[in-house]
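Encoded as structure tokens, the structure appears first; notes follow it.
Read-outs: derived from the displayed coordinates by stated rules, not from any lab. Given the structure is predicted, the values throughout are model-derived calculations rather than measurements. Every residue, glycine among them, receives a Cβ derived from its backbone with ideal geometry; neighbour counts consider all protein chains shown.
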Amino acid sequence: MLLVVDNGSIFTKNLSDFLTKKNLLFEKQTPQLLNLDLLSNYDSFILSGRRKNEKKINEINSKIINHSIKNNVKLLGICYGAEILALTLGGTIRKIPLPQKGNETIKIFKDNPICGGSLQVFESHGFEISCLPPVLVPLAESNNCKYEIIQYDKKSIFGTQFHPEMTEDGNDLIEKFCKL
């Protein structure tokens, strides 16, 4: 069963609608109501974007990330989800001078199981990953962002700086992730 962790993104409904349309079984839960003792009930996680920074939400998402790594459980972090993935593992993020909002073309430069070539995606963020820890590998970039897609070395743990739930190419990425 897939768990969608709803960190408050305005786009999480798009994600839920897509998963429902594809008949992919999932539960959706907010971090505040999530029972961390039940993480082993799930075989994959999607961490949504967020609207505001809250220490408690960051701690809960980091625990989910560490659980995924330790137990080899699939994880996809979207926007904030990618940022907290990098932060949890020792990377850094930075506030960008102008928020990114709108369509973007990203180029995939490393073979991976969830996408290839180039993708048309939707950006909506005011922060970005500035430094990756050694265990995270960059897979794709755009003209505005060096780390559009990242992967935990040799595991099915990914992060996207963009919102894949907002475009057809992104939906394909989510579906491939779910079918891994």
Give me the Kirkwood hydrodynamic radius of the chain in Å, from all C-alpha pairs, to one decimal place? 15.8 Å
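Tell me the net charge near residue 180. Cut-off is 14 Å between Cβ atoms, residue 180 excluded, with +1 for each Lys or Arg and -1 for each Asp or Glu.
Numbers: positive: 74, 154, 155, 176, 179; negative: 43, 172, 175.
Value of the local net charge: +2.
How large is the charge dipole for the chain, taken about the Cα centre, if only the Cβ atoms of Lys, Arg (+1) and Asp, Glu (-1) carry charge, to the nearest 20 debye? Numbers along the way, then the final one.
On the way: 22 positive and 20 negative charges, 74 e Å.
The dipole magnitude comes to about 360 debye.
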So if I take the centroid of the Cα atoms in the range 1-24 and the same for the range 124-142, what is the distance between those two points in Å? 23 Å
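Per-residue counts of other Cβ atoms within 10 Å, averaged by peptide: what ranking do you get for 47-59, 101-113, highest first? Mind showing how you got there, number by number?
Working: 47-59: 16.3, 101-113: 13.7.
Ranked by mean Cβ neighbours within 10 Å, highest first: 47-59, 101-113.
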Compute the separation of the alpha-carbon centres of the range 83-97 and the range 36-71 and state it in Å as a whole number. 15 Å
